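First comes the structure, then the notes that go with it.
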Amino acid sequence: MICPHCSKDLIQRQRTGRRCTYCRKEFALDPKIDGAGLHDLRIRKAVGKLSDRGRLVVTAGQLNHSLQHRGRPPQKYRGDKSVAGGLFVPGGILTLIGLGTILTPVGPWLLLPAALLIGFAIRQWTLSDVPAPDESVHSRWTEDQFRTTVLNRWRTTYGALPPGLVEDGLVPSTPPPARPAFVLLCPDRTVIAFLYANRYPERHRALLVRDLREVPAGLPLVVLHDASPQGHLLAADARAARPGLRVLDAGLSVRTVLVDQTKYTLLRDLYRSDELYLRLERSVPELTGSQRAWFAEGWWTPLAALAPKRLLAIADRAAERITAPPTAGAPGARRTGPVRSPAAGRPESPLETRRRALAVGFMSWPEPEPDGAPGGAGGARPDGPGLGKGPA
């Protein structure tokens, strides 16, 4: 690893006790002890990238997600054919030597290790198609493990966390606005802490809550959620609980994740109840078969694993949309199909359309005026293709 103080390349014996043998300064993380690839320079680089070079404040939960594997982890098996081949070759050689010297005192003793090697080779070969226990059910570190492994070690060494990084539970929640413009509902504590740390409630006069039961009546609602069955159900429950009020689903959808799964942190939950999928089918019927199958395999993507800059942009754009005044003419301008009669509430007949057009003078000539008056019989008429020069 590279020493974060003097930039020397250190091998294992040159960093005993998390201390550089060149500059004698202590560092917080050792990739050999604390996890593959986990060291001080990597943490500083990750925090700098997440915080957009100090423009944002990020949480420890977001840093933890950024250190996870992106996309589906590679499939692991209980056996390995290459290991089987490596064991079978010496086992076969010892077997041949033992059989050739079977009449000597050494020959029978050579057959015992040969049999063990061949037995282990056969076991590795037969288990090469048997999947190993799924390690993608949870992230690499839980919240407590990450605090102990990274945050506490960093504080002990440097006295404080890297600039731009805060702990989720230590972000102060500002007082709710006196007259909130809308409510933002998100059950993820990491996302709520990130929005508080970047002054989202003050900038948009937003009230942040984590439970649907905490949403006050009469205010527009924005829902932020994971790409998970629970997240999609939360948006559906919010709409059902607030009929007639504006509810904007701004969460991470499974449709977005399935476009390119390699860009997202994928976790797996193998212990979902069947009742959850039945509720999902009833409440979110717009999900396609492939999206339901992805959920049925247990996969989900946490909203907090998105890049903080993108997450804040999604929340800002949702605030702009939910507080924008509804435009009465816009829906009608995009409407297609037959025009409905305002009086009858039914499709307008061709005769009614013609009468209404004549009433406003659409595609009709002015009435004849006395000769010599503008637009009269003696006046000029506009010419055009197929219009002729006037009455014959």
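The table below lists the values:
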item	result
With 10 Å bins from 0: P(r) over segment 89-243, alpha-carbon pairs, percent	9, 21, 18, 13, 9, 9, 9, 7, 4, 1
Ratio Rg/Rh [Cα only; Rh per Kirkwood] for segment 13-83	1.12
Stretchable slack from Thr262 to His5, in nm (0.36 nm times residue separation minus alpha-carbon distance)	89.1 nm
Loop chymotrypsin sites (Phe, Trp or Tyr not before Pro), segment 211-288, which have at most 11 other Cβ atoms in a 10 Å radius of their Cβ (DSSP)	Tyr271
Under Karplus coefficients 6.51, -1.76 and 1.60, residue-wise ³J(HN,Hα) of segment 176-191 in Hz, glycine/proline x	x, x, 4, 10, x, 7, 6, 10, 10, 9, 8, x, 7, 5, 5, 5
Spatial separation of Cα centroids for segment 1-24 and segment 54-96, in angstrom	27
Extension gain, Leu212 back to Thr126 (0.36 nm per residue minus Cα-Cα distance, nm)	25.8 nm
Above-threshold pairs, the threshold being 24 Å between Cα atoms, out of Lys32/Lys309; Lys263/Lys309; Lys45/Lys263; Lys49/Lys263; Lys45/Lys309; Lys76/Lys263	Lys32/Lys309
Per residue solvent-accessible surface (Å²) - segment 131-231, probe of 1.4 Å	49
Simple spin-label estimate for Glu320 and Ile97 in nanometres, 7 Å along Cα-Cβ	7.6
Solvent exposure ordering (accessible area, 1.4 Å, most first) of Tyr158, Tyr200	Tyr158, Tyr200
Mean projected area (nm²) of the alpha-carbon convex hull when segment 135-214 is viewed from all directions	7.2
Distance-filtered residues of segment 137-174 - backbone nitrogen under 18 Å, label point 7 angstrom along Arg44 Cα→Cβ	150-166
Low-density loop cleavage sites - GluC sites (Glu not before Pro) in segment 79-167, where at most 15 other Cβ are within 10 Å (DSSP)	Glu135, Glu167
Amide H within-cut-off set for Leu184, under 5 Å, with H built and near neighbours excluded	Leu207, Leu208, Val209, Val222
Solvent-free Debye scattering, log10 I(q)/I(0), computed from the Cα coordinates of segment 45-113 at q = 0.11 Å⁻¹	-0.56
Residue-normalised accessible area of segment 6-130, given per residue in Å² at a 1.4 Å probe	62
Cα Rg over Rh - segment 250-316, Kirkwood	0.98
Cleavage-rule hits (trypsin sites (Lys or Arg not before Pro)) in segment 184-216: DSSP loop, at most 16 neighbouring Cβ within 10 angstrom	Arg199, Arg205, Arg210
Mean Cα-pair separation over length for segment 33-180, i.e. relative contact order, pairs under 8 Å, 6 or more apart, %	33
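The values are calculated or read from the model by the stated rules, or taken from the named source; none is laboratory data. Please read all numbers here as calculations on a predicted model, not as lab measurements. Note: ideal-geometry Cβ built from the backbone for every residue, glycine included; neighbour counts use all protein chains shown. Side chains are part of the model used for accessible areas, which takes the heavy atoms of the whole protein and leaves out ligands, DNA and RNA. Shrake-Rupley method; radii C 1.70, N 1.55, O 1.52, S 1.80 Å.
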